[in-house]
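Read-outs: derived from the displayed coordinates by stated rules, not from any lab. Worth saying up front: this structure is predicted, and the values here are computed from it rather than measured. Counting neighbours? That spans all protein chains shown, and the Cβs are built from the backbone with ideal geometry, glycine included.
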Amino acid sequence: MNRELHYDAVVIGAGVAGLVAATRLAQGGARVCVLARGVGSTHLAPGTVDVLGYAPDAVREPGPALEQLAASQPGHPYALVGAGVVADALDWFVATVQAGPLPGYGYVGGGLELGGRYPSALGALRPSALVPVTMAAGEAQQLGRLCIVGTPALRDFHPSLCAANLAAAGIDARAVPVELELDRADANTLGVARRFDDPGWRARFCARLAPLLGGEDHVGLPAMLGLRDPFGALADVEQRLGRRVFEIPTLPPSVPGMRLYEILSSALRAAGGRLVLGAEVVSGRWSGGRVEAVVTRAAGHDRVYAAPWFVLASGGFASGAIELDSHWTARERILGLPLRGVPPAGEPRFVPEYASEQPLARAGVAVGGDLRAEGADNVLVCGAALPGAAPWREHSGEGIALASAFRVAQVVGELAGSPAEATA
Ligand SMILES: Cc1cc2nc3c(=O)[nH]c(=O)nc-3n(C[C@H](O)[C@H](O)[C@H](O)COP(=O)(O)OP(=O)(O)OC[C@H]3O[C@@H](n4cnc5c(N)ncnc54)[C@H](O)[C@@H]3O)c2cc1C
């Protein structure tokens, strides 16, 4: 018989939503365990906090736009959590990163007051509320003459394409390719980031790049300024090149996203929470309308985790937690919870225009106003598992993950009282 492990709360998923919800619960005194099949979209996404970039036009002031969105779309996650919680979650996030394991590294930007726009790898200007300090100097309004640096060894980052598109947007940008000696196995931003952790390698990189620069006052690099001390690497490179330097998010693997994962998982550990990776949750044990325990399957055996509260932070279609089967029926795979926002049978699920709103985008686990899943009194839902948003179109994914996770921990606190009561 399987030994049953008991916690005050079990969180399913280790993306931004799961790690934030678990950390907040642990900081409130709960004994928390995070179960995750693997890491979440941190390792793929840019590592910025995009709260609301488009609604549907480009948003300059996310705060008022968010209030309008909430008023016009009562089922949207921002309407359920409220603008005040979004603001509190952003404040908590900034403080958590600052107190984290990477010295000097932080998130900066206009937050809800004034969204900034930062170059993407394709040379588009992406709206973000908060960005890592290593991206800050790329804010479009501050850019003067700009040099985009890349290396042919990084096959997914083309400085000439990035610079040409920025130039088309009115930014004085040119491309500078620089040769880097990389092993084949290192030929991605993660491999280069590991090199940037070495001050000697950084010095050689700057010595090679400096003669190629002209009168530009800004240098943009693919996001690869190290994993251990990116702030120190940024300061060092800026000093050696004598100009402002900034990172540009790249295709996966995402170095800023990996830093973010490191910061959030370390905050969870510091608060006393436990994180179990490689633990796929395959089912739940129900009693009436409550989940008593969930079962993980790993290395050929099952393990049972019981708790009075469960947080479903397992993501949406991208993570596989919600799937569309061969009959085009959508289902939540872990607990079989009802979904909302799935287009009715016969209606289109997708439209051919990639950048248009996809009809299936707003599908997610059906919840009430307090983010409790319909049909499961003690399961709360946060992040990309929630219905009602079009995060890719709105540029709102990380803002929703952060704010809804923050809110979920508040709701558990309100409903359970103290964690001791929750387990009684
Ligand atoms: C490639 C990519 C680019 C993105 N770009 C942006 C962007 O530019 N701006 C923006 O705001 N947002 C972006 N996002 C979206 C944003 O990253 C996510 O919406 C947001 O972080 C929500 O994360 P989450 O924690 O809810 O889910 P996820 O990060 O998807 O995490 C889900 C977690 O659940 C776990 N899980 C799933 N099923 C199970 C199971 N059965 N058992 C145990 N664990 C399970 C997974 O292993 C994972 O740990 C992007 C996402 C991707 C994938």
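When only Cα pairs under 8 Å and 6 or more residues apart are kept, what is the percent relative contact order across the chain?
Worked out over the chain, it gives 24 percent.
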Per-pair calculated FRET efficiency, R0 = 51 Å: GLN141 and LEU415 via Cβ, rounded to 0.05: 0.70
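Counting DSSP beta bridges with both partners in the range 115-251, what percentage is antiparallel, nearest 5?
Details: 4 of 17 bridges.
Expressed as a percentage, antiparallel bridges in the range 115-251 total about 25.
Run through the DSSP bridge list for the chain and note the antiparallel percent, rounded to the nearest 5. Spell out each step's value before the answer.
Numbers: 29 of 60 bridges.
Of all bridge pairs located within the chain, approximately 50 percent are antiparallel.
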Sequence ranges 135-142, 222-229, 175-182, ranked by mean other-Cβ count within 10 angstrom, highest first: 222-229, 135-142, 175-182
The range 115-251, relative contact order [Cα under 8 Å, separation at least 6], %: 29
Label point distance in nm, ALA345-ASP57, each placed 7 Å from Cα along Cα→Cβ: 4.2
Tensor-based shape of the range 27-164 (alpha-carbon gyration tensor, a/c under 1.5 rounded, otherwise prolate or oblate): oblate
Two-site label geometry, ARG204 and ALA71: point separation in nm, points 7 Å out along Cα→Cβ: 6.0
20 Å-binned pair-distance histogram of the chain (Cα, whole percent): 27, 54, 19, 1
Using a Förster distance of 25 Å, the FRET efficiency for ALA298-ARG269 (Cβ separation, nearest 0.05): 0.75
Overall form of the range 230-354 per C-alpha gyration tensor (a/c, 1.5; a/b vs b/c): oblate
Sorted by Cβ neighbour density within 10 Å, fewest at the top, the residues CYS206, CYS147: CYS206, CYS147
GNM flexibility winner over the chain from PHE406, PHE350, PHE157 (Cα, springs under 10 Å): PHE350
Value at 222 nm in deg cm²/dmol, rounded to 500, when DSSP H runs of n ≥ 4 in the chain each add -39,500 (n - 2.57): -9000 deg cm²/dmol
